[in-house]
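A.B. asks: Mind looking over this structure? Questions follow.
The values are calculated or read from the model by the stated rules, or taken from the named source; none is laboratory data. On a predicted model such as this, the values are computed, not experimentally measured, just so you know. All Cβ positions, even for glycine, are placed from backbone atoms using ideal geometry, and neighbour counts span all protein chains on display. With ligands, DNA and RNA removed, areas are computed over all heavy atoms of the protein, side chains included. Shrake-Rupley method; radii C 1.70, N 1.55, O 1.52, S 1.80 Å.
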Amino acid sequence: SMSHGSMPEGALGSDYQWLERKAGVGPWLYDAVDDDWMDSRPLGTQWTPRSSAPIVYEPSSDLLACLGTTDLMLYRPWTNQVFSRPLPEILRNRDGYAIAADPVNRVLVVFGGIDRNAESEGLSPDEAHKRSVKADTWIYDIVNDTWRQCRPKTRPPRGMPMNGSIPLAMTYHPPSDTCLLLQPNIDTVQADPTQWGGTTLWSFDVASDAWTKVE
């Protein structure tokens, strides 16, 4: 549920079509072979729910990942354990970001979002938007446990993350070996969605640290 930015945790509703948010239950793992649901509350450290925090699964490392307030949270279904790794200062307390997992290079790609630490008091709406709404790109190397900020020549627009229920949608695309981001075509503050001018599709190549607009 995007409402609390987590794995599917909570008590199953009587109709099995929804999850009631409830501490100490789940995550729920589905075994497609046995057609069975398993309540797999992690051993040891528990997953910390966080509002509107996108999550992603990286199959090569068997990890589910999410940016927490100060740490990167990682869940490994096979061992049913939660791990945390410190985030770079600039990525702490960030909401509405896009995240994708590249299973070939075994990295996570994070784009944009809202920096909740940004000071905006006394600024115009446009200046506040530019300061708090980011358009930066970060790569996390799962094997080496390292972060690096990319410096692409071009980038997608900032969009309007956290505006209503529209998330930043990014996913790994195997045929092109790139991460694809669908982004509202706006780089300044604009509360009216009818003025956004549609969406644009962008492709990020991990090997070259390059964003390319997909026509």
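A.B. asks: Can you give me the long-range amide H partners of GLY26? Hydrogens built in the peptide plane at 1.01 Å from N, cutoff under 5 Å, separation of 5 or more residues or another chain.
C.D. replies: Those lying under 5 Å, H to H, from GLY26 are GLY10, SER40, ARG41.
A.B. asks: Also: Less than 12 Å Cβ to Cβ from LYS130, Lys/Arg counted +1 and Asp/Glu -1: what total charge do the surrounding residues give? Don't skip to the end; give the middle numbers.
C.D. replies: Numbers: positive: ARG131, LYS134, ARG158; negative: ASP115, ASP126, GLU127, ASP187.
Net local charge, LYS130 excluded: -1.
A.B. asks: Show which lysines lie in cross-link reach of LYS134 when reach means a straight Cα distance below 17 angstrom and same-chain residues fewer than eight apart are skipped.
C.D. replies: The reachable lysines, counting only those whose Cα sits under 17 Å from LYS134, are LYS153.
A.B. asks: Which FRET efficiency, nearest 0.05, do ASN163 and MET38 yield, Cβ-Cβ r, R0 35 Å? Mind dumping the intermediate values first?
C.D. replies: On the way: r = 36 Å, r/R0 = 1.04.
Efficiency computed from Cβ-Cβ geometry: 0.45.
A.B. asks: Points 7 angstrom from Cα along the Cβ direction at TYR30 and ARG92: gap in nanometres?
C.D. replies: Taking the two extended label points, one gets 3.7 nm.
A.B. asks: Which of GLY113, GLY44, GLY24 ends up with the largest GNM mean-square fluctuation for the chain, with Cα atoms connected below 10 Å?
C.D. replies: It is GLY44.
A.B. asks: Right, here's the next one. Diagonalise the Cα gyration tensor of segment 176-215 and give the resulting equivalent ellipsoid semi-axes, square root of 5 times each eigenvalue, largest first, whole Å. Each step should come with its number before you reach the end.
C.D. replies: On the way: eigenvalues 125, 18, 9 Å².
In descending order the semi-axes read 25, 10, 7 Å.
A.B. asks: Ignoring ligands, DNA and RNA, what percent of the accessible area of the chain is carbon or sulfur (1.4 Å)? Show your work: numbers first, answer last.
C.D. replies: Numbers: 5800 of 11430 Å².
Ligands and nucleic acids excluded, carbon and sulfur reach 51 percent.
A.B. asks: Additional query: Tell me, what is the per residue accessible area of the chain in Å², probe radius 1.4 Å?
C.D. replies: 53
A.B. asks: Now a separate question. When only alpha-carbon atoms are used, what values of Rg and Dmax, in angstrom, describe segment 123-184?
C.D. replies: 14.2, 44
A.B. asks: A follow-up question, please. Please list 3J(HN,Hα) in residue order for segment 170-181, calculated via the Karplus relation 6.51 cos²θ - 1.76 cosθ + 1.60 where θ = phi - 60°; whole Hz, with x for glycine and proline.
C.D. replies: 9, 8, 7, 10, x, x, 9, 6, 9, 9, 9, 10
A.B. asks: If amide hydrogens are placed 1.01 Å from N in the peptide plane, which non-local residues have theirs closer than 5 Å to the one on TRP196?
C.D. replies: Here nothing satisfies the definition.
A.B. asks: What aspartates and glutamates does LYS213 reach when the alpha-carbon gap must be under 13 Å and sequence neighbours fewer than 8 apart in one chain are set aside?
C.D. replies: ASP205
A.B. asks: Another one. Hey, what do the phi angles of segment 106-119 turn into as Karplus ³J(HN,Hα) couplings, whole Hz, using 6.51/-1.76/1.60 and θ = phi - 60°, x for Gly and Pro?
C.D. replies: 6, 9, 9, 10, 10, 10, x, x, 10, 7, 6, 8, 5, 7
A.B. asks: Now a separate question. How many nm separate the modelled label positions at ARG21 and ARG131, each set 7 Å beyond the Cα in the direction of the Cβ?
C.D. replies: 3.0
A.B. asks: For the chain, what does the helix formula give at 222 nm: sum of -39500 (n - 2.57) over DSSP H segments with n ≥ 4, over the residue count, nearest 500 deg cm²/dmol? Could you put the intermediate results ahead of the total?
C.D. replies: Values: 1 runs with 8 residues, N = 215.
Calculated from helices alone, the mean residue ellipticity at 222 nm is -1000 deg cm²/dmol.
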